[in-house]
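Some notes on the structure that comes next.
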Amino acid sequence: MAEENFLVGAVMILTFTSLLLTYRVLFGPTTPDRVVGVNTITTKVVVMLAIFAVIRAEYYLLDLAIVLLMVNSVGGLIFAKYLERGGAID
């Protein structure tokens, strides 16, 4: 029971910090700042999914978390390549 309360508290903290990152995404001074904010929020969502999988013993959520993490990683790489070239991706 105590472990579950700890995990729920961790999810609440992750949710709060994700809401703070929303400011960076909406009002970031540059586009890379916004992308880093979105990547960080997505990573926090992955961690929350893993915690929910443990709390509820629904381990299919781990598969969803892994797929979301892969999409997040590839998206960040694609955007970095776009910024490096300064235009369209070939």
- Within the stretch 11-28, which residues are over 15 Å from the mean Cα position of the chain (by Cα) and open to solvent by less than 100 Å² (accessible area, probe 1.4 Å)? Gly28
- Task: Give me the pairs, please: first residue somewhere in the stretch 68-90 and among the hydrophobic types (A, V, I, L, M, F, W, C) and surrounded by 11 or more Cβ atoms within 10 Å (Cβ to Cβ), second residue anywhere and in a helix (DSSP H, G or I) and at pLDDT 80 or above, beta-carbon distance under 7 Å, and either six or more positions apart or on two chains.
- Result: Leu68/Thr42; Leu68/Val45; Leu68/Val46; Leu69/Val46; Phe79/Val35; Leu83/Pro32
- Residues of the stretch 51-63 being surrounded by fewer than 16 Cβ atoms within 10 Å (Cβ to Cβ) and either within 30 Å of Phe27 (Cα to Cα) or of a type in the set (Asp, Glu) (or both), in sequence order, are Glu58, Asp63
- Considering every residue within the stretch 38-45, establish whether at least one is of a type in the set (A, V, I, L, M, F, W, C), out of contact with any Ser or Thr (no Cβ under 8 Å at 6 or more places or on another chain) and open to solvent by 80 Å² or more (accessible area, probe 1.4 Å). no
- Members of the stretch 1-37 found to be acidic (Asp, Glu) and touching a Ser or Thr at 6+ places or on another chain (Cβ under 8 Å), listed by number: none
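The values are calculated or read from the model by the stated rules, or taken from the named source; none is laboratory data. Quantities reported herein were computed from a predicted structural model and do not represent experimental measurements. Here Cβ is always computed from backbone atoms with ideal geometry, including for glycine, and neighbour counts include all displayed protein chains. What goes into the accessible areas is simple: the full protein's heavy atoms, side chains included, and nothing from ligands, DNA or RNA. Shrake-Rupley method; radii C 1.70, N 1.55, O 1.52, S 1.80 Å.
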